[in-house]
Amino acid sequence: MQHLLDIKSLSNDEILQIVELAKYYEKNVVLGTQKRKNRGSVALLFFENSTRTRFSFEMASRKLGFDVFNFEVQKSSLLKGEGIFDTLNNLNAIGCDIAVIRHSQEGFIENLSKKSYAYNLSLINAGEGKKSHPTQALLDFYTLTKHLGSLEGKKIVIVGDVIHSRVAKSNIELLSRFNANVVCCCPSYFEDWSLENASYEANLEEALKDADAVMGLRIQKERIDTKIPYAQYINDYQINEKNLPEKAILMHPGPVNRDVEISSSLIDSKRGEIIIEQPRNGVFIRMAVLDLIFEGVQR
Amino acid sequence: MQHLLDIKSLSNDEILQIVELAKYYEKNVVLGTQKRKNRGSVALLFFENSTRTRFSFEMASRKLGFDVFNFEVQKSSLLKGEGIFDTLNNLNAIGCDIAVIRHSQEGFIENLSKKSYAYNLSLINAGEGKKSHPTQALLDFYTLTKHLGSLEGKKIVIVGDVIHSRVAKSNIELLSRFNANVVCCCPSYFEDWSLENASYEANLEEALKDADAVMGLRIQKERIDTKIPYAQYINDYQINEKNLPEKAILMHPGPVNRDVEISSSLIDSKRGEIIIEQPRNGVFIRMAVLDLIFEGVQR
Amino acid sequence: MQHLLDIKSLSNDEILQIVELAKYYEKNVVLGTQKRKNRGSVALLFFENSTRTRFSFEMASRKLGFDVFNFEVQKSSLLKGEGIFDTLNNLNAIGCDIAVIRHSQEGFIENLSKKSYAYNLSLINAGEGKKSHPTQALLDFYTLTKHLGSLEGKKIVIVGDVIHSRVAKSNIELLSRFNANVVCCCPSYFEDWSLENASYEANLEEALKDADAVMGLRIQKERIDTKIPYAQYINDYQINEKNLPEKAILMHPGPVNRDVEISSSLIDSKRGEIIIEQPRNGVFIRMAVLDLIFEGVQR
């Protein structure tokens with residue numbers, strides 16, 4: 001693997017290879033003790049704020065024994081009018097092997113992947129626009145298969161702000177590839193009808209029927225201009241102790257708006273535990289991705 | 001030890017254990033060469049600006065071979081409306097073992113210590129409100145005993161902005177526990193009459209008589225609304241070559257307002273050397289605290 | 001070597017020693033794998049924004065196995081009114097061996113080098129005012145000798161914003177020391193007549209005649225108050241496929257203003273490759289400088 005641009009660019013075999021390697025890291029790495037001989041250098045360039053994803057990549061890099069360099073994108077010499085390609089090419093020349101990028105603009109990372117870098121730079125998409133967040137989808141896939149086994153025919157219900165969620169889009173794409181039955185449930189103002197591979201069910205009770213997994217989505221306030229009718233949303237779409245089916249596992253990409261998408265008491269109960277397992281699994285997935293990408297190219 | 005919340009929560013035995021371990025690190029660690037097998041991960045969350053204390057914890061962590069993660073609290077997903085507990089719980093899930101926190105609000109860290117974290121997070125108070133800064137008191141205790149031996153009956157004079165100083169409060173608590181005779185000396189507008197275990201003497205000459213140690217305090221301009229009569233303060237309370245008793249050692253938590261709390265010439269003289277030894281001792285104390293906390297809990 | 005303040009303070013022998021060590025690192029360090037036994041601690045204090053130079057020093061430090069501490073100078077306790085010397089003395093006490101400093105003011109670093117630090121602090125100039133940027137000159141010297149061999153009598157043409165460029169000043173000083181024939185070429189508003197050791201030729205065609213190396217300079221927009229007549233500048237002074245002599249190598253300290261100082265197509269051609277080799281060489285040079293300075297003083 002040279003880059004990780006989106007789910008589409010990964011074959012099913014590659015996805016399963018990532019999962020296998022993540023499993024290995026979960027079992028064999030005492031967190032905080034792993035050091036490898038070959039040390040990659042990872043640059044983090046987050047054009048949108050992030051604590052969790054950035055920290056997760058940083059932790060995964062360190063656990064692999066890689067060096068991590070955090071760039072404050074606002075302060076970089078981008079300010080000096082230099083294009084992002086020239087910056088990346090320079091970071092690469094200085095010794096950066098992998099650039100982990102988050103950006104608000106769709107296609108930003110793919111465009112950069114088409115350029116020719118002096119010393120074989122790899123790019124990883126850490127969240128792009130409203131469309132793709134592949135490592136989040138991979139960690140959700142990892143978490144789902146850990147708890148449900150094969151996803152063949154499993155009903156996975158995604159509840160909430162579908163249209164603004166890159167997590168939803170990447171998940172739908174990946175989960176449907178493994179023949180899960182993905183159902184989206186949201187008010188009309190959160191629907192995205194351009195999606196393939198997902199059906200819609202507006203009624204929450206109906207949607208949750210026989211669900212194997214329920215995935216709440218974060219309402220992306222920062223990407224929404226209009227006012228959300230929160231009281232109505234909570235009344236109609238909040239996941240809570242009453243409506244969560246007994247056999248279903250509960251997930252959320254975080255950070256949760258407590259008592260909006262999910263009731264606070266449900267989050268803090270036994271059934272909320274997988275929500276906090278997800279970020280932990282994310283480290284193993286990102287170790288696997290970084291490892292495969294670092295080893296996949298002559299440097 | 002699971003957390004370090006304040007001096008009160010430490011027994012005398014624990015304090016002496018920290019001091020012993022700090023001594024070990026002072027003797028056996030060539031600065032910059034130590035690596036341990038078990039590698040903890042330390043997150044630094046400073047809600048107030050700090051260069052020294054933050055750097056000291058960072059250095060101590062690196063010397064123990066721990067990974068350190070610096071969070072810019074202003075930019076974190078706290079901005080996304082997530083509560084601090086959820087953030088910490090997530091950092092913990094991702095692999096953070098210890099969170100070092102500075103905050104302006106008293107009780108902030110203790111409140112967080114009562115929560116239940118998914119993977120056994122430890123908290124360290126790196127300065128909180130106007131009341132507590134336990135690692136500073138520990139390093140001052142370390143420095144004092146190094147130069148004075150037992151503090152039993154020793155006269156330690158604390159001069160300056162007592163009321164706004166968390167350094168003073170934690171020091172008074174700790175030093176009086178080891179039976180030092182702690183005397184505070186300051187103008188009335190810096191007095192804090194709620195303090196136990198310290199006497200006041202408004203006259204500097206009187207206060208300094210027979211002192212074994214004199215500790216200047218930084219005037220906490222950033223926590224003071226009203227105007228300080230500096231000329232008068234300097235005239236009445238500045239420590240300088242004339243009034244510092246011959247046998248007394250001179251300390252200051254830094255950063256010093258030169259020629260205010262202490263005359264610049266005194267700082268730069270032989271007698272000012274302990275002021276620059278204090279931050280060095282701080283690294284050994286923080287190594288000891290981090291080590292005991294990391295080893296003290298199953299992770 | 002205790003400090004690296006400027007080119008003037010280096011003997012020719014020291015320069016050649018740095019180059020030899022950089023060569024060693026280029027040959028023997030698989031980027032990203034090197035660890036040394038003695039671990040220095042390097043603090044980066046950049047009072048002016050920088051991505052490349054800062055990252056280069058960070059990478060060089062990590063490759064030597066040194067710890068690196070990035071200070072956000074704006075947020076430091078300098079804000080608390082503490083002078084830079086007291087801050088540095090403290091960082092030194094806490095464990096910092098080498099401070100790498102960039103500052104807009106000439107003489108800033110030399111002044112600091114005259115102070116007496118508690119634990120033998122070394123200072124490295126990472127760019128100061130409009131006058132000196134010694135590690136850039138060293139890496140350019142390294143790059144030039146790699147491609148041209150001895151610089152004795154070689155014609156090196158520096159084109160562009162000479163007056164605002166610390167890169168130009170340090171290069172002229174260093175290259176003329178090794179008997180290169182340094183010619184500056186620029187419009188009158190970029191001339192600096194106080195320079196020794198360089199001749200001027202206003203006409204680009206004339207200047208480039210028989211050049212062995214052509215070094216474009218970045219127009220330092222951020223240090224220029226008046227408006228630059230860009231169209232005229234580009235017409236008269238842009239380096240491009242037509243005017244670059246066949247035997248000359250092409251260099252630029254970066255970041256390039258594409259299609260201003262150099263045509264974009266020339267940068268992206270085979271002949272532009274050395275521009276991206278320069279930052280790579282910079283890592284080896286900075287490894288050599290850090291190494292010699294760390295080993296050169298008892299710590």
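The values are calculated or read from the model by the stated rules, or taken from the named source; none is laboratory data. Because the structure is a prediction, the values reported are computed rather than measured. Cβ atoms come from the backbone with ideal geometry, glycine included; neighbour counts cover every protein chain shown. Areas reflect the complete protein model, heavy atoms only, side chains present, ligands, DNA and RNA absent. Shrake-Rupley method; radii C 1.70, N 1.55, O 1.52, S 1.80 Å.
Here are some notes:
- Count - residues of the range C:141-165 that are over 17 Å from C:Lys247 (Cβ atoms) and open to solvent by less than 10 Å² (accessible area, probe 1.4 Å): 7
- Just one of (1) closer than 30 Å to C:Ser61 by Cα; (2) of a type in the set (D, E, K, R); (3) surrounded by 14 or more Cβ atoms within 10 Å (Cβ to Cβ) fails for C:Glu222. It is (3).
- Taking the range C:42-60 as the range and being of a type in the set (Gly, Ala, Ser), touching a strand residue (DSSP E or B) at 6+ places or on another chain (Cβ under 8 Å) and at pLDDT 95 or above as the test, only C:Ala43 passes.
- Test: residue in the range C:132-140 that is closer than 30 Å to A:Ser41 by Cβ, among the hydroxyl-bearing types (Ser, Thr, Tyr), touching a residue at least 12 places away in the same chain (Cβ under 8 Å) and more than 14 Å from chain B (Cβ to nearest Cβ): yes
- Sole exception among (1) on the phi > 0 side of the Ramachandran plot; (2) in contact with a helix residue (DSSP H, G or I) (Cβ under 8 Å, 6 or more places away or on another chain) for A:His133, by number: (1)
- Test result for A:Lys227, open to solvent by 80 Å² or more (accessible area, probe 1.4 Å), within 14 Å of chain B (Cβ to nearest Cβ) and modelled with pLDDT under 95: no
- Matching residues in the range A:250-277 - criterion: being more than 29 Å from A:Asn49 (Cβ to Cβ) and surrounded by 15 or more Cβ atoms within 10 Å (Cβ to Cβ): A:Arg271
- Any helices (runs of 4 or more DSSP H) falling wholly within the range B:196-299 and containing at least 1 residues that are under 25 Å from B:Thr135 (Cβ atoms): B:264-267, B:273-295
- Restricting attention to the range A:175-195, the residues that are in a loop (DSSP other than H, G, I, E, B) and open to solvent by less than 60 Å² (accessible area, probe 1.4 Å) add up to 7.
- Complete set of residues in the range C:198-219 that are open to solvent by less than 20 Å² (accessible area, probe 1.4 Å) and small (Gly, Ala, Ser): C:Ala207, C:Ala211, C:Ala213, C:Gly216
- Taken over the range A:81-93, residues that are open to solvent by 10 Å² or more (accessible area, probe 1.4 Å), facing chain C (nearest Cβ under 7 Å) and of a type in the set (Gly, Ala, Ser) amount to 1.
- Within the set A:Ile172, A:Ile124, A:Ile156, A:Ile163, the sole residue that is in a helix (DSSP H, G or I) and more than 14 Å from every other protein chain (Cβ to nearest Cβ) turns out to be A:Ile172.
- Residue in the range C:94-107 that is assigned to a loop (DSSP other than H, G, I, E, B), open to solvent by less than 20 Å² (accessible area, probe 1.4 Å), in the same structural domain as C:Tyr25 (by TED's automatic domain parsing) and touching a Cys at 6+ places or on another chain (Cβ under 9 Å) present: no
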